[in-house]
Structure formats: C-alpha cells, structure tokens
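Shown next, in structure tokens, is the structure this report addresses.
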Amino acid sequence: MSEGRPASPALSQAEAYARIRLLRSANVGPVSYRQLLARYGNAEAALEALPDLAARGLKKSYRVAARTAVSAEIEAARAAGARYLFHDSADYPPLLAELESAPPILTARGDASLAHRPAVAMVGARNASAAAVKLARDLAHELAGEGYVVVSGLARGIDGACHEGAMPATIGVIASGIDIAYPPQHAKLQEQIANEGLLLAEQRPGTEPRGSHFPSRNRIIAGIAAGTLVVEAAPKSGSLITARLAGEAGREVMAIPGSPLDARSHGCNQLIREGAILVQSAADVIELLSGFDGKPRSHVREPEPDFAAAPDDEMPAPDLVDLLSTAPVAIDELIRQTGSSPGAVHMALLELEIAGHLARHAGAKVSLAG
C-alpha cells in the first residue's frame, strides 16, 4: 500500500519545535507548509522567511506564532499523554501522507501501527436507525476479525457503533483537540480508543470543535483508508462529504443500499447512483479492497513544483492579483494566462497566502480570500 515510503531522519528537538511553530503561524496551511519546507529546507529557515514573504504579498506586518503559545501547546499535549506525528515521520499514516491536503502534523494517542494496516473508513448518520446501527457494529466486528482496521469519527449513531464493533482495531479521528471529548456522551469510548486503539486530532490541544473542523476531520478519515463505506446517510450530510473526499483521493467509495421510503437511506442510494459500489456484507468490502495498492485509480495529480529549482532572481513573480477573484480558478489556468513558469506562479501564490489574501480550494484551485 505505501510500504516503500522512506522514513525521514529523526527530527531534532529544535526542528520539531520550529515545525509546530511554522504550522501555527498565520495563514500557513497544509499546502503552503510543504512548499515552505521544500523551498527553505527546514522549518527554522522557513520561519525566518515568513515576514519577507508576507511583505512581498502586500502585507505590511507579520508575526510568526509566539514561542510562549507553542510551548504551552506542547505542554498540553504531554499532559494529555499525546505525541506529535509529523507528515514525513515513519509512524505517520502512509495513505494519508499521499494527499496534498494531508495535515502536516497530527497529535496522537494509542497504537500508531494501526494506521499501517489495511483500513476501511465507515461513516453514517448520527440519528441512525436501530437496524443500521446493529449492521454497522456487526460489519465492523467482522472486518476487524479479517485483519482490517476500521476508521471513523466518533460521532453518535453509526460512527460509535463502528468503533465499538471493531475495538481494539479502530482509529478515531476527532474534530477537537486531542484532550477534548466530543460528543461528551462518547468520552468513555474516546478514552477506550486512545488506550486500546488509536486516537488522532489535527487541531491543537485545548481546541473545542467548530463546524469548520468537521470537513477537515472527514478528509483525514477518508485519507487514512483504502476505501470509505457509508452505512446510512441523508442526502446532505457529513458522511457524503467523507465519501466524496475519498473519491477525489482515488480511494474506493462504497454504500449500503436502503429503502427509498426512509430518508436516512437516500444519501447511500444517491451515492450508488453516482457510481459508488453497492455492498451488502463484509465479504463484499474485503473483495473490493483486497487488491487495492494505495494508488489513485482515476485521479490525476499534478506534480509539485520544485521550489529549489531556481533562485528568486531567475523566477519573475507574475502579478496575479488582477487575475484572481473570489471565484476559485485552477492554478494551471493561471500558469497559462500569465505565461510564467509553474514555480514562479506557485511562489507568487504562496506569498499572497502568507499575507492572508489567498484561499485554497479542492482540486488545486485558488481564489482571493473573502
């Protein structure tokens, strides 16, 4: 699946600290984080460059994340019994690392080796029917018995049933900090997963969940697994977001059909109509995923530009502000319209992002922020 991914050298304490500080600095997201490391070689050098990049992106003043805040975060993680997983470390989930939008840093409690085993994401409705909850629990238990790890989001309903059925072969991904139990009624289950399975969080310790955190959590759930199975879901739900993110990542998307008379089945039926694989048993899931090698089957990903390929004076930065609006546009379209090199366009976009003027979207698209 991604067994050939080389392990990075052990990080020094100073570089690990600098990486956390870099990611916590204003306007640094997963894509810009990786671009900064690629261009400057390490996080300490990237931190020094941030104010100049922001100035070139038309922001007059910029401050990197305060050392006191980063130190307090690290202490909170330690107090919670958590550790940091960096995107290029050997224990980072290998399939997740393949995604451009993968979190550069995760906090974790539990057995990180679970993320290296064959995994299936299982998601569904919070207000699930009793029959669907039992089916989810039974399917998860059977998949765990066949050597699969079940990944879900610790929500009420289907998610909780999947974790319970697969225990201890389960990974819980939460939308809060690693030290915050959400929903509160799953506090005991969350602690059990942390002690017997694996608990992951992208948000810094102490962060309460917000609405915007859940789609981010969903991309992690989909990214860790070779395929995502939706058990029961309404047409507009987070479960369908997870399924579509799995499809965009080139992973298998599966759904269990349901009665057209039950609105909670409409989402699954819709997914099947759109091309998801209809499954009815654990054997169906295993048959579909047994030959999966972790590579996208139909998603073409553009190669990342080489930011170290040429010095600044050989990479004229195009003026992109006039070409951008609040409507997302593909980066390759900007490259075509400016006539500049890919490296120059990506660097100009990075400067605008650090300055807070750029928003990134799925499918390698960007827009003006706000």
Report task. State, as an integer percentage, the relative contact order of the range 124-255 based on alpha-carbon contacts under 8 Å between residues 6 or more apart. Result -> 23
Report summary line: Volume per residue (Å³) of the convex hull spanned by the alpha carbons of the range 96-141 is 131
Requested in this report: Per residue of the range 60-67, in order, report the coupling 6.51 cos²θ - 1.76 cosθ + 1.60 (Karplus, θ = phi - 60°) as ³J(HN,Hα) in whole Hz, putting x for Gly and Pro.
Outcome: 5, 9, 8, 10, 6, 4, 5, 4
Query raised in the report: Quick one, what does Rg over Rh come out to for the range 163-264 if you take C-alpha atoms and the Kirkwood Rh?
Result: 0.98
Query - Sulfur and carbon atoms: percent of accessible area, the range 319-370 [1.4 Å] - result: 52
Query raised in the report: What list of ³J(HN,Hα) couplings, whole Hz, do you get for the range 283-292 from phi and the Karplus terms 6.51, -1.76, 1.60, once you set θ to phi - 60° and write x for glycine and proline?
Result: 4, 5, 5, 5, 4, 6, 8, 4, x, 6
Report summary line: Rounded to the nearest 5, the percent of DSSP beta bridges in the chain running antiparallel is 40
Report task. Note the direction-averaged projected area, equal to a quarter of the hull surface, for the Cα convex hull of the range 1-125, in nm². Result -> 9.8
Report summary line: For the Ala187, Asp91 Cβ pair and Förster radius 25 Å, calculated FRET efficiency rounded to 0.05 is 0.45
Query raised in the report: In the range 28-100, carbon and sulfur make up what percent of the accessible area (probe 1.4 Å)?
Result: 53
Query raised in the report: Over all distinct Cα pairs, what is the inverse of the mean 1/r for the range 78-180, reported as the Kirkwood hydrodynamic radius in Å?
Result: 14.3
Requested in this report: Compute the Cα gyration tensor for the range 57-105, then decide on rounded, prolate or oblate, letting a ≥ b ≥ c be the square roots of its eigenvalues: rounded whenever a/c is under 1.5, prolate when a/b is larger than b/c in the other cases, and oblate in all that remain.
Outcome: oblate
Report summary line: For the range 55-96, dividing by residue count, accessible area per residue (probe 1.4 Å) in Å² works out to 55
Query raised in the report: Which of these values of percent of Cα pairs over 39 Å apart was calculated from the structure shown: (1) 27; (2) 18; (3) 34?
Result: (2)
Query raised in the report: Nearest 20 debye, what's the magnitude of the dipole of the range 103-167 about its Cα centre given +1 on Lys and Arg Cβ and -1 on Asp and Glu Cβ?
Result: 220
Query raised in the report: So what are the three principal axis dimensions of the range 207-289 from its Cα atoms, in whole Å, longest to shortest?
Result: 38, 30, 20
Report task. Enter the accessible area per residue of the range 178-278 (Å², integer; probe 1.4 Å; all protein chains in place). Result -> 41
Query raised in the report: Taking the DSSP beta bridges in the range 95-215 as the whole, what percent of them are antiparallel, to the nearest 5?
Result: 30
Requested in this report: Check the straight Cα-Cα distances from Lys365 and name the lysines below 29 Å, setting aside those fewer than 8 residues away within the same chain.
Outcome: Lys59, Lys60, Lys236, Lys295
Requested in this report: Please turn the phi angles of the range 80-95 into ³J(HN,Hα) values with the Karplus equation 6.51 cos²θ - 1.76 cosθ + 1.60 (θ = phi - 60°), one per residue in order, whole Hz, x for glycine and proline.
Outcome: 7, x, 9, 9, 8, 10, 8, 4, 10, 7, 5, 9, 6, x, x, 5
Report summary line: Taking the alpha-carbon centre of each part, the distance from the range 40-80 to the range 225-276 in Å is 39
Query - Cβ crowding within 10 Å averaged over residues, with 117-126, 203-212, 161-170, 244-253 ranked highest first - result: 117-126, 161-170, 244-253, 203-212
Query raised in the report: Once amide H atoms are placed 1.01 Å from N in the peptide plane, what residues at a sequence separation of 5 or more from Val151, or on another chain, have their amide H within under 5 Å of its amide H?
Result: Val120, Ala121, Met122, Ile171
Requested in this report: Only helical DSSP H runs with n ≥ 4 go in: add -39500 (n - 2.57) per run for the chain, normalise by residue count and round the 222 nm mean residue ellipticity to 500 deg cm²/dmol.
Outcome: -12000 deg cm²/dmol
Query raised in the report: Using a probe of 1.4 angstrom, how much of the accessible area of the range 134-244 is carbon and sulfur, in percent?
Result: 49
Requested in this report: Please provide three numbers in whole Å: the alpha-carbon extents of the range 15-71 along the principal axes, with the largest listed first.
Outcome: 29, 25, 17
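The values are calculated or read from the model by the stated rules, or taken from the named source; none is laboratory data. The model shown is predicted, which means the values in this text are computed figures rather than measured ones. Here Cβ is always computed from backbone atoms with ideal geometry, including for glycine, and neighbour counts include all displayed protein chains. Accessible surface areas use protein heavy atoms only, side chains included; no ligands, DNA or RNA. Shrake-Rupley method; radii C 1.70, N 1.55, O 1.52, S 1.80 Å.
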